[in-house]
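The values are calculated or read from the model by the stated rules, or taken from the named source; none is laboratory data. Please read these numbers as outputs of a predicted model, since none were measured by experiment. Every residue, glycine among them, receives a Cβ derived from its backbone with ideal geometry; neighbour counts consider all protein chains shown. Calculation scope for accessible area: heavy atoms of the full protein, side chains included, ligands and nucleic acids excluded. Shrake-Rupley method; radii C 1.70, N 1.55, O 1.52, S 1.80 Å.
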Amino acid sequence: APDIGFVTSDEFGNADILYDQTLSKVQAALTQGPDGPREVQVVTGFLGRGVQSGAVTTLGRGGSDLSATVLGAALELREVQVWKDVDGVLTSDPRIVPNTMPVTELTYEEATELAFFGAQVLHPLAMQPAIRSQAMAVRVKNSYNRRASGTIISKARDMACCLVTSIVLKNDVTLVDIVSSRMLGQYGFLATVFELFRSQQVSVDVVASSEVSISLSLDPKRCWSDGEVGEELDRLIFELEKISSVRVRSGMAILSLICNVERTSEILMRTFKVLLAEGINVSMMSQGASKVSH
């Protein structure tokens, strides 16, 4: 991949693809002329070359899937196939729900939300080239069951008969509640809060806000290399307490519903009926900007 034009940032171990430089170079390297030999191109994934250093970089988790979709976008393919060990994207985690089923179709946004909130089949970064293309489909297939149709991920699909597509659970989440009367009718408070998160290099998963409070979820595995809440969070809380009252709760979980938000009332009614029956109280609720998840 580095030799055919994968240009990345210089963050070794978790480099970002620089698409404006990469796609044209890869297309030029892999496009065969009409009079040239017909060859099958085999490209190693997961690697790139740093834009400043020129050194070989790695793309981090999901880098192999990302490499495949970058190649597809560069060559303007109609479909890229990603082969896994399951029959496509499933309706839930089979380790938790025994009767899960493959999902036949997903949109780019649905697949990205699923991957971000815990589905292990496809990494969210792998969808970026497809989203940029807006014309390339990504099909998830099973290496051990080649006859299975898998899941096709594309720009749009018919949502008329869809209620809930998939349910994803993410455990070991840290929830931060920030309360301050300074928020009431004031501008700039949210900017101040998120600047503190930026300065401590803490990434936020989900946000919900009211007139005087903000609730945010943090994933320790994404924020800290050792997967544990560390000194960075302590420093962040210290700074936040200068402008607000802060409460931190660890060991929480995010339950994400990838669904048809045109039927939100019905979905929430059914969801809260189940939660009530199981004695589960909701601490925070948020609807994604993509309008496909709760």
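Quick notes on this structure:
- Gap separating the Cα centres of the range 249-282 and the range 1-79, nearest whole Å: 40 Å
- Rounded tilt (10° steps) of 264-277 against the dominant C-alpha axis of the chain: 60 degrees
- Most mobile of LEU122, LEU30, LEU169 in a GNM of the chain (Cα contacts under 10 Å): LEU30
- Within-13-Å neighbourhood charge of GLY150 [Cβ basis; K, R +1; D, E -1]: +1
- Summary of packing: across the peptides 139-150, 61-72, the per-residue average of other C-beta atoms within 10 Å ranks them, highest first, as 61-72, 139-150.
- Counted residue by residue at 0.36 nm each, then reduced by the alpha carbon distance between them, the extension gain from VAL40 to ASP10 reaches 7.8 nm.
- Here the chain exposes an accessible surface that is 52 percent carbon and sulfur, computed with a 1.4 Å probe and the other protein chains kept in place.
- Estimated inter-spin distance, SER265 and TYR19, nm [label 7 Å along Cα→Cβ]: 3.8 nm
- Cut-off under 5 Å, modelled amide H: who pairs with PHE117 long-range: none
- Calculated mean residue ellipticity at 222 nm for the chain: -7500 deg cm²/dmol, from DSSP H runs with n ≥ 4 weighted as -39500 (n - 2.57), summed, divided by the residue count and rounded to 500.
- Choice from MET269, MET252, MET136 showing the highest fluctuation, given a GNM over the chain with Cα pairs closer than 10 Å: MET269
- In the context of the full set of protein chains, the chain has a per residue accessible area of 56 Å² (1.4 Å probe).
- Counting only residues at least eight positions apart within a chain, or on another chain, the aspartates and glutamates with an alpha carbon under 13 Å from that of LYS141 are ASP65, GLU79, ASP85, ASP87, GLU105.
- For the range 1-110, the dipole from Cβ point charges (+1 on Lys and Arg, -1 on Asp and Glu) about the Cα centre works out to 260 debye, to the nearest 20.
- Scoring 36-42, 274-280 by mean Cβ neighbours within 10 Å over their residues and listing the highest first yields 274-280, 36-42.
- Label-reachable residues, the range 247-270, where backbone N falls under 14 Å from a point 7 Å from ASP93's Cα toward its Cβ: 251-257
- Spin-label model, CYS162/THR104: points 7 Å from Cα along the beta carbon direction are separated by 1.3 nm.
- Efficiency of FRET from Cβ geometry, LEU30 and VAL56, R₀ 22 Å, rounded to 0.05: 0.70
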